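**Q** Once you've had a glance at the structure underneath, I'll fire off some questions.
The values are calculated or read from the model by the stated rules, or taken from the named source; none is laboratory data. Remember, it's a predicted structure, so these values are computed and weren't measured experimentally. Counting neighbours? That spans all protein chains shown, and the Cβs are built from the backbone with ideal geometry, glycine included. In case anyone asks, the SASA skips ligands and DNA or RNA and just uses the protein heavy atoms, side chains included. Shrake-Rupley method; radii C 1.70, N 1.55, O 1.52, S 1.80 Å.
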Amino acid sequence: MQWEELVTDGHVNAAKMRAARPFILGFGLLIFLFGGALFGEYGLFDPASVSLAKNEQQINTRREAIDQVFTSIKLPKLDDTAKAKLAPAYELPVIAKEILSALNDTGKLPEILPIVNVSKAEFWQFSSDIGKIQLLDAGKFKLVSTRVTDEQRQRRYNLRVPADERIWVGVFRKGKDGNWRAYSLSGRIDGKALLDVAGTDRLNPVRYPVTFEKLIPKALLKPSKKQKEG
């Protein structure tokens, strides 16, 4: 009997399957590895995380813009005569308390204080009349600022030179409960640390870029060199 006569169709098919098995296994392994690569890429960088990363980048860009505003502001220079007209810094806690009480009692600012309403551009130039309190009225947000002298320090150390000039930027915000709260902005303007007034909470504007973008003129919100290069 010839050898070929002993080989049935079943034997032939089985032989073909055995011959093709390495190729099938190799192809399956390739699909598995490719699928793993896809899972790794899209599992780590899924659309939600990509969107979150973009939002975080946008927020950081806004924070840098706000920070840039405060570091680039230059205060108008005052001569000794103008400095002599500045109110003393130790009066600020009383002023902050008076404003807060009036807002919570009547919803209006106290008329007894020398408050002058200014535009956004004027507010951040800090160029209002000496001895006045600037007001930037944005409804539920009211920003006030005033330039003062550190007269208390002068008295304590009996200094004969003109008192150091300081600046206070207060924020009065109406909460959802209808109550007003008082804050003092932190940071530095023209190299001078902003005053922290007793009776108010500290507020860093960089932490709230979306809010302060609405309170600062667009002309001042210029991207930094780092942002342009990025």
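**Q** Under the rule a/c < 1.5 gives rounded, and otherwise a/b versus b/c splits prolate from oblate, where does the stretch 54-205 land using the Cα gyration tensor?
**A** oblate
**Q** Another question, then. To the nearest 0.05, what FRET efficiency results for Asp67 and Ser127 with a Förster distance of 30 Å applied to their C-beta separation? Please list the in-between numbers first.
**A** Working: r = 22 Å, r/R0 = 0.74.
Working from the Cβ atoms, E equals 0.85.
**Q** Between Thr81 and Arg202, what is the FRET efficiency for a Förster distance of 45 Å, r being their Cβ-Cβ separation, to the nearest 0.05?
**A** About 0.85, to the nearest 0.05.
**Q** A further question follows. Which order do you get for Leu143, Leu109 if you rank them by accessible area with a 1.4 Å probe, largest at the top? Don't skip to the answer; put the middle values down first.
**A** On the way: Leu143 0, Leu109 40 Å².
Ranked from most to least accessible, the order is Leu109, Leu143.
**Q** Hey, another quick one. In nm, to one decimal, how far is the modelled label at Ser101 from the one at Lys140, with both set 7 Å along Cα→Cβ?
**A** 2.7 nm
**Q** Another one. Assuming 0.36 nm per residue, please report the length gained on full extension of the stretch Ile59 to Ser119 beyond their Cα-Cα distance.
**A** 19.0 nm
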